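The values are calculated or read from the model by the stated rules, or taken from the named source; none is laboratory data. These numbers were taken from a predicted model, which means no experiment stands behind them. Glycine also receives a Cβ, built like all others from the backbone with ideal geometry; neighbour counts cover every protein chain displayed.
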Amino acid sequence: MFNVEKYRGDREDNYELVKKQLHALIHDEPSQIANLSNASALLNQFLDRINWVGFYLMDTHDELVLGPFQGLPACVRIPLGRGVCGTAASKKETVRVEDVHQFPGHIACDAASQSEIVIPMIKDGRLIGVLDIDSPETNRFDELDQVKLEEFVAILVSHI
């Protein structure tokens, strides 16, 4: 059985630990759904001050569809270029939003969400989905979160 170690170090050390835990969870598992499910559960347990974490996966060439997540029910389909997820997907780059109410076209699935970070998942140059994390606090995500979550996604994508 997988045992989650407690996060007692500084933020950077804790991110290194959660990346090791992700690798331990997914290294021998071929199921994309199982790996994404465990990754969202791991981040939900690891990150404080968040209210939603999960994945949207490419369903067609112009639409993301809801994948494994932790949190309240969410929007099922998001067109590329729409909202924070669709913008990150179409640009194929991380989008970090301090205040979602200031983001043009923000899609409000949970009224409690105030800030958001979305990291694209790219494999062999092709967008396969995005990691989406929402917080009920404005300005929740910083540069360290972005760098370490991009590293987390890279580990995950290498096993998909």
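Any residue at all in the stretch 100-108 that is touching a residue at least 12 places away in the same chain (Cβ under 8 Å), part of a loop (DSSP other than H, G, I, E, B), surrounded by fewer than 16 Cβ atoms within 10 Å (Cβ to Cβ) and not aliphatic (A, V, I, L, M)?
Within the stretch 100-108, one or more residues are touching a residue at least 12 places away in the same chain (Cβ under 8 Å), part of a loop (DSSP other than H, G, I, E, B), surrounded by fewer than 16 Cβ atoms within 10 Å (Cβ to Cβ) and not aliphatic (A, V, I, L, M).
Evaluate the stretch 101-114: report whether one residue or more is within 28 Å of P30 (Cβ to Cβ) and not acidic (D, E). Spell out the reasoning first.
Residues of the stretch 101-114 within 28 Å of P30 (Cβ to Cβ): none.
Checked against the condition, which is being within 28 Å of P30 (Cβ to Cβ) and not acidic (D, E), the stretch 101-114 yields no hits at all.
I'd like to know if the stretch 126-140 contains one or more residues that are in contact (Cβ under 8 Å) with a residue 12 or more places away in the chain, assigned to a strand (DSSP E or B), of a type in the set (A, V, I, L, M, F, W, C) and more than 25 Å from Y15 (Cα to Cα).
So far as the stretch 126-140 goes, no, none of its residues is in contact (Cβ under 8 Å) with a residue 12 or more places away in the chain, assigned to a strand (DSSP E or B), of a type in the set (A, V, I, L, M, F, W, C) and more than 25 Å from Y15 (Cα to Cα).
Out of G71, G125, G83, report the one residue that is buried (at least 17 other Cβ atoms within 10 Å of the Cβ) and under 29 Å from Q21 (Cα atoms). Steps first, answer last, please.
On the way: G125 fails: buried (at least 17 other Cβ atoms within 10 Å of the Cβ); G83 fails: under 29 Å from Q21 (Cα atoms).
From the options G71, G125, G83, the qualifying one is G71.
Among the listed residues V147, V157, V118, V153, identify the single one that is touching a Cys at 6+ places or on another chain (Cβ under 6 Å), under 23 Å from H23 (Cα atoms) and modelled with pLDDT of 95 or more.
Values: V147 fails: touching a Cys at 6+ places or on another chain (Cβ under 6 Å); V157 fails: touching a Cys at 6+ places or on another chain (Cβ under 6 Å); V153 fails: touching a Cys at 6+ places or on another chain (Cβ under 6 Å).
After ruling out the rest, the residue left standing is V118.
Does the stretch 86-99 hold any residues that are surrounded by fewer than 18 Cβ atoms within 10 Å (Cβ to Cβ) and on the phi < 0 side of the Ramachandran plot, and which are they? Explain how you work it out, then say what you get.
Residues of the stretch 86-99 that are surrounded by fewer than 18 Cβ atoms within 10 Å (Cβ to Cβ), as a first pass: 90-93, 98-99.
If the condition is that a residue be surrounded by fewer than 18 Cβ atoms within 10 Å (Cβ to Cβ) and on the phi < 0 side of the Ramachandran plot, then S90, K91, E93, E98, D99 are the ones that fit.
Take the stretch 26-64 and flag every residue that is within 23 Å of V100 (Cβ to Cβ), among the hydroxyl-bearing types (S, T, Y) and outside any helix (DSSP H, G or I).
Y56
Could you say which residue among N51, N44 is touching a Pro at 6+ places or on another chain (Cβ under 9 Å), surrounded by fewer than 19 Cβ atoms within 10 Å (Cβ to Cβ), among the polar types (S, T, N, Q) and closer than 27 Å to G9 by Cα?
None of the other options fit; the residue is N51.
Suppose we filter the stretch 141-150 for residues that are of a type outside the set (K, R) and either surrounded by 15 or more Cβ atoms within 10 Å (Cβ to Cβ) or assigned to a loop (DSSP other than H, G, I, E, B) (or both); how many remain? Can you show your working first?
From the stretch 141-150, those of a type outside the set (K, R) are 141-147, 149-150; that's our starting set.
Retained after the next criterion (residues that are either surrounded by 15 or more Cβ atoms within 10 Å (Cβ to Cβ) or assigned to a loop (DSSP other than H, G, I, E, B) (or both)): 141-142, 145-146, 149-150.
Residues that pass the stated criteria total 6.
What about L25, is it buried (at least 18 other Cβ atoms within 10 Å of the Cβ) and modelled with pLDDT under 95? Give the steps one after another, and end with the answer.
On the way: buried (at least 18 other Cβ atoms within 10 Å of the Cβ): yes; modelled with pLDDT under 95: yes.
It is true that L25 is buried (at least 18 other Cβ atoms within 10 Å of the Cβ) and modelled with pLDDT under 95.
Could you please give the count of residues in the stretch 109-125 that are touching an Asp or Glu at 6+ places or on another chain (Cβ under 9 Å) and either outside any loop (DSSP other than H, G, I, E, B) or β-branched (V, I, T) (or both)? If you could, list the steps in order and put the result at the bottom.
Quick first cut of the stretch 109-125, residues touching an Asp or Glu at 6+ places or on another chain (Cβ under 9 Å) only: 109-110, 112-120.
Going one step further and asking which of them are either outside any loop (DSSP other than H, G, I, E, B) or β-branched (V, I, T) (or both), we end up with 115-120.
Summing the residues that are touching an Asp or Glu at 6+ places or on another chain (Cβ under 9 Å) and either outside any loop (DSSP other than H, G, I, E, B) or β-branched (V, I, T) (or both) in the stretch 109-125 gives 6.
Given the conditions (1) of a type in the set (D, E, K, R); (2) more than 18 Å from L144 (Cβ to Cβ); (3) under 16 Å from the mean Cα position of the chain (by Cα), which single one is not true for D28?
Of the numbered conditions (1) of a type in the set (D, E, K, R); (2) more than 18 Å from L144 (Cβ to Cβ); (3) under 16 Å from the mean Cα position of the chain (by Cα), the odd one out for D28 is (3).
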